[in-house]
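Notes to accompany the following structure.
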Amino acid sequence: ESITIPDSVTKIGVGAFGGCANLKSIKLSENIEEIGYSAFEGCKSLENIDIPETVEKIGMATFRGCEGLKNIQLSEYIREIEGYAFYGCESLENINIPERVKVIEDGTFF
């Protein structure tokens, strides 16, 4: 139900936590530099996530199908949000889009 990513981790790979339907909370390391596509796809119970300042891009379908995701706090350093990143996030109530974002691809919030 809960995951804390230690500070030694700098990358979350493709589909790393995909389909973890009971995952409710994630505390990401402040050293995460990259989150692979579909990393949290299908985590239906996930409600909130804070993306650390070290991440500059949200990959394709990263949070696709996270039906319970309500709040997303993006770092001010995010530059790009790839396609379908938040596809199917039906409960999304709050997300901040930082001024540095230059690209929001197709289907991001579909």
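Read-outs throughout are calculated quantities, based only on the coordinates presented, and are distinct from any laboratory measurement. For clarity, every value in this text was computed on a predicted model and none was experimentally measured. All Cβ positions, glycine included, derive from the backbone under ideal geometry; neighbour counts span all protein chains shown.
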Exercise. With θ set to phi - 60°, apply the Karplus curve 6.51 cos²θ - 1.76 cosθ + 1.60 along segment 56-70 and write out the HN-Hα couplings as whole Hz, x wherever there is a Gly or Pro.
Key: 10, 8, 9, x, 4, 6, 3, 10, 4, x, 7, 4, x, 5, 9
Self-check item: Per DSSP, loop trypsin sites (Lys or Arg not before Pro) in segment 3-110 with at most 12 further Cβ within 10 Å
Solution: Lys102
Quiz item: On full extension of the chain, what length is gained from Glu47 through Asn96, given 0.36 nm per residue of separation minus the C-alpha to C-alpha distance?
Solution: 16.1 nm
Quiz item: Kirkwood hydrodynamic radius of segment 1-89 from all distinct Cα pairs, in Å?
Solution: 12.5
Quiz item: If we count every other residue with Cβ under 11 angstrom of Gly42's Cβ, Lys/Arg +1 and Asp/Glu -1, where does the sum land?
Solution: 0
Self-check item: Contour excess over end-to-end distance, with Cα ends at Glu56 and Asp106 and 0.36 nm allotted per residue
Solution: 16.2 nm
Quiz item: log10 I(q)/I(0), Debye, Cα-only segment 9-51, no solvent, q = 0.17, 0.21 Å⁻¹?
Solution: -0.42, -0.65
Practice problem: Go through segment 31-46 residue by residue and turn each phi into a ³J(HN,Hα) via Karplus (6.51, -1.76, 1.60, θ = phi - 60°); whole Hz please, and just put x for glycine and proline. | Solution: 9, 5, 10, 9, 10, x, 5, 6, 4, 10, 4, x, 7, 5, 9, 4
